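Everything below concerns the one structure shown next.
The values are calculated or read from the model by the stated rules, or taken from the named source; none is laboratory data. As the structure is a computational prediction, the values presented were derived from the model and not from experiment. Don't worry about glycine lacking a Cβ; one is built from the backbone with ideal geometry, like all the others, and counts go over all protein chains shown. Just so you know, the surface numbers come from the protein's heavy atoms only, side chains and all, with ligands and any DNA or RNA stripped out. Shrake-Rupley method; radii C 1.70, N 1.55, O 1.52, S 1.80 Å.
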Amino acid sequence: MNPLLRTPLSLAVALALSAPVFATDAPSSAGPGPALVRLADGDHYHLRAAPFRWHIGAAEVDGFAYNGSVPGPLLVLPQGATVTIDFDNAITQPTTVHWHGLRLDYRNDGVPGVGQPAVAPGGSARYVIHAPDAGLYWYHPHVREDAQQDAGLYGNLWVVPRDASYWRPVAQEAVLMLDDIMLRDGHALPAGEHVADHALMGRFGNQLLVNGASDWTLQAQAGQTVRFWLTNVANVRPFRLDFGVPLRLVGGDNGRIGSEREIPSVDIAPAERMIVEARFDHPGRYELANATPEGRSVLGHIEVAAAPDTAADDSLRQNREVLDEAAALRARYADTPPDKTLQFDLRIDPANGDHAAMGHTTTADAGMDHSTMNHETTSGAMAGMDHAAMGHGGDAAAPAAMDHSAMNHETTSGAMAEMDHAAMGHGGDAAAPAAMDHSAMNHETTSGAMAGMDHAAMGHGGDAAAPAAMDHSTMNHETTSGAMAGMDHAAMGHGHGGHAMQAVEWEDGMGVMNAASTSANTHWILRDLATGQENMAIHWQFQRGQPVKIRLVNPADGVHPMQHPIHFHGQRFLVLTVDGKAPADTQWKDTVQVAAGSTVDILLDNSNPGEWMAHCHIGEHLTSGMMLGFSVSS
């Protein structure tokens, strides 16, 4: 049995991974990547999901693959074509294939319980795929995608435009699927058996991948332009790609953007696609790096050989069709109130989770902002500390009554494994943490999210009777050693000295706490503000040809504010505004990242009748329930 996915979950969801290199009007497979498969209108193709031994550097991962490669075959078909995919499920779990971004018949969309039942192990299904729009799309499971996609089930689908001048001629094209995976001791960290783990933030991997490999390379020639087709198939990680040269942004989720522009790097959220062009003027070795505010990681290299000078088209083109469509729709809808408003929220289930002692439920009564707590450190006495998972006893309503006698201070695994009580000034030593002196701790405070925790005794200043008044000016928030290492009290919402909320979480800043959260105790929410309905209790009714303005609200004061990439199945939409301002790019999309503290207005075009869903494309958030249904009637 595959250790990456040991037991199915009935809830459906999805994501994906990587791909290769081809030429503009006649794609050809070159360099590292999957097989390239050209399909014509009316063709049939056989796709099989099966167990796969995946080599990532020196690591060996028992995963899954489509047709024996990670990523799966790059399917290339002409715009307007209809092809038939006969799918066999040879993995150990029920699964489906979702064709992400395509406006096809909903019965072929791969959502179990909506257009089809899940395909049982040993079973088969037929998908009739229609491709009305040029651009880059992808396919992946929509059952336990937090695990199945992470295990290697993903691939790209490239739709070649009817108009040969749609894209400018370039010397080379490269399709890159961006991913990460969590490796431990040379193997993949197993996914949750019955529920998704890392449900709070999503699973960030510690190994970054391009086309399923840790050592991606591309051969190019100086002075020539390469067009890169990018898909982010990571469970949660956003990428900021630096190619070492300026870039020209030319396309996105659903083909060309309205106005090309120059950018220094490219930000891409999970499930998004970006199409950029780069010219490497000089011979040499260029790094492809993920260069975020948290650091720089090299993903691969572009080896550029000397070549005769060639003329290059450096113009910034416009797509009048997209610009004119968008202008007409903005003129009509920009100043109208939203038809629907979705607010994002998080509910922690005290009965099922390690977070019970935190007093978290939803945004309305969250007393402590864990979104900015730094639990990610791996050194020092407080490294990885998860107060919620300590087994203190008591409940969310009365954390002051927690029973320290029931605490397991001796465990070497689980949420308490990385916590050194000896260095916290509790007394005792690392070898005998049970002997720590709780008498110095104030567990009698009966109000606030930090009830029962004596910050005064921790050297914060203030006193036990007034922890809110503690003097943060004397706190050492920067230390990387000692009892307080890795714990950012200033950012905990205590007041004085609080750190700013991150609009985008580039890395896992909550370490053990995130790992301990599951889809059984951590419930991400889409809430319709007009009705109060949540997640799959929502089923909107729309009419074909009648666009709908939807406001997506991601509050800054939530239990855990973080970004959410929101995906709508079967349709396309325009982003009208981000925090009240027009976006930098005019384009049709199917996925939009909503940063923490942001409000995004989109216009759903409702061009494709059927039964559909919308959801957060962080795999663990989807598995935890962050999805809704809608129908478009003809």
Potential extension, ALA305-ASN206 segment - 0.36 nm per residue separation minus Cα distance = 32.5 nm
Sorted from largest down, give the three principal axis spans of the alpha carbons of segment 105-151, whole angstrom values.
-> 32, 22, 18
ALA312 versus ALA537, label points 7 Å from Cα toward the beta carbon: distance in nm?
-> 5.6
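Sorted by packing (mean other beta-carbon atoms within 10 Å per residue), highest first, where do 81-92, 297-308 land?
Those peptides, ordered most packed to least, come out 81-92, 297-308.
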Go from 0 up to the bin containing the longest alpha carbon distance in segment 520-582, width 10 Å each, and give me the % of pairs per bin.
-> 14, 47, 34, 6
Could you pull out which residues in segment 604-634 have an amide N less than 20 Å from a spot 7 Å beyond the Cα of ARG544, following the Cα-Cβ vector?
-> 604-614, 630-634
Using heavy-atom solvent-accessible surface (probe 1.4 Å) with all chains present, what is the largest-first order of VAL322, VAL578?
-> VAL578, VAL322
Measure off 7 Å from each Cα along the Cα-to-Cβ vector at VAL504 and ARG162, then give the distance between these two points in nanometres to one decimal.
-> 3.6
Mind running the shape call on segment 196-337? Use the C-alpha gyration tensor, a ≥ b ≥ c as the square roots of the eigenvalues: rounded below 1.5 for a/c, prolate if a/b tops b/c, oblate otherwise.
-> oblate
Can you pull a Stokes-Einstein diffusion coefficient for segment 176-255 at 10 °C (1.306 mPa s), Rh from Kirkwood over Cα pairs, as a whole number of µm²/s?
-> 105
Candidate residues MET177, MET501: accessible-area rank, largest first, probe 1.4 Å = MET501, MET177
What percentage of the solvent-accessible surface of segment 53-208, computed with a 1.4 Å probe over protein heavy atoms, is contributed by carbon and sulfur atoms?
-> 50
For ARG261 the rounded accessible area (nearest 10 Å², probe 1.4 Å, non-protein molecules ignored) is 80
Could you bin all the Cα-Cα distances of segment 237-297 into 10 Å bins starting at 0 and give me the percent of pairs in each, rounded to whole numbers?
-> 21, 49, 27, 3
Take peptides 40-50, 336-346 and line them up by average Cβ neighbours within 10 Å, highest first, as a rough protection proxy.
-> 336-346, 40-50
